[in-house]
1. Compute the distance in nm between two label points, each set 7 Å from the Cα along the Cα-to-Cβ direction, one at residue 59 and one at residue 46.
2. To test your reading of the geometry: what angle, between 0 and 90 degrees and rounded to tens, separates the Cα axis of helix 8-17 from the longest principal axis of the chain?
3. What does the extension gain come out to for residue 9 and residue 33, with contour length at 0.36 nm per residue minus their alpha carbon separation?
4. Can you compute the charge dipole magnitude of the chain about its Cα centre, using +1 on each Lys and Arg Cβ and -1 on each Asp and Glu Cβ, nothing else charged? Give it in debye, rounded to the nearest 20.
Amino acid sequence: MKIPLLSVDLIKLLEEQFPDQFPSPEDFPDERRMWAEAGKRELIRNLRIYLEQQEEEANEEGILNA
């Protein structure tokens with residue numbers, strides 16, 4: 001499956017909206033909600049990895065200037 005091009009600005013915005021911190025039970029007494037918050041961060045981490053791969057591929061193809 002080919003991942004569509006990702007936006008650096010989009011990922012930065014998501015990282016600001018959902019900081020990289022493990023949700024604590026005190027913040028989310030509902031365990032289901034706590035795991036949902038953790039899942040959001042996992043998605044953002046994966047998007048960051050895909051973005052880095054996208055940038056590496058573009059650099060290899062000479063599309064981006066390093």
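1. 2.5
2. Roughly 10 degrees, rounded to the nearest 10.
3. Working it through step by step, the gained length comes to 6.0 nm.
4. It works out to roughly 240 debye.
Only the coordinates and a few stated rules stand behind these numbers; no lab work does. In this text the structure is predicted, and so the values were computed from the model without any measurement. Glycine gets a Cβ as well: all are built from the backbone with ideal geometry, and neighbour counts include every protein chain shown.
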